[in-house]
Structure formats: structure tokens, C-alpha cells
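Comments concern the structure below.
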Amino acid sequence: MQGFAVPALGALMLSALILHLLLTLAAHLGGADMAGVLAVALGMVAVLLVLLPFALLCVRRAQDALAAGSERRGRAASPQG
């Protein structure tokens, strides 16, 4: 279970960070002129391009760990031979 918990927690924390940064940037849109809107949009794109691949990697590792754990439990439940 620990093999699953660490990447799952990492994915959760990165997702929360991405959401926080996007919402913080979106809060600056209220009184922004056209250049400000463009700067906020570029900031949002930068946040997604930098952090999203790491979050997806953590999700993938958590899925792999979960599949490996369920496979091990399946082999232990059905003795061979």
C-alpha cells in the first residue's frame, strides 16, 4: 500500500498546487487590460506545461503500484499447484 500512497499523495499535492496557481492567476483578470489578460493566460499555460506532466507521472505510478498490489494479492489468494 505504501507503494501506492506516495505517488498518489504526490499527484494530489501537485493537483492542488496547479489549481491554487490557476485560481490565483484568474483572480488577477478582474481589472486587467489586454496586456494583463495576455500575461495571465501565458502564466496559466506555463503552470500547466511545467506542473501537469509531473502530476500525470505521479498518477501513472500510483496506478502501476495499485495494479501490482492487486496482482500480488490475486496470486496469494489462489495457490498454485
For the stretch 23-60 the number of residues that are out of contact with any helix residue (DSSP H, G or I) (no Cβ under 6 Å at 6 or more places or on another chain), assigned to a helix (DSSP H, G or I) and farther than 30 Å from Glu71 by Cβ is 17
Hits in the stretch 22-38 (condition: free of Cβ contacts under 8 Å to residues at least 24 places away in the same chain and surrounded by 14 or more Cβ atoms within 10 Å (Cβ to Cβ)): Leu25
Would you check if Gly74 is assigned to a loop (DSSP other than H, G, I, E, B) and loosely packed, with under 14 Cβ neighbours inside 10 Å? no
Going residue by residue through the stretch 3-16, is there one that turns out to be surrounded by 14 or more Cβ atoms within 10 Å (Cβ to Cβ) and in contact with a Lys or Arg (Cβ under 6 Å, 6 or more places away or on another chain)? yes
Residue identified as open to solvent by 80 Å² or more (accessible area, probe 1.4 Å), in a helix (DSSP H, G or I) and at pLDDT below 95 among Leu19, Leu66: Leu66
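The values are calculated or read from the model by the stated rules, or taken from the named source; none is laboratory data. Remember, predicted model here, so these are calculated numbers, not experimental data. No Cβ is skipped: glycine too gets one built from the backbone with ideal geometry, and neighbour counts run over all protein chains shown. The protein model used for the area step is the full one, side chains on, heavy atoms only, and it has no ligands, DNA or RNA in it. Shrake-Rupley method; radii C 1.70, N 1.55, O 1.52, S 1.80 Å.
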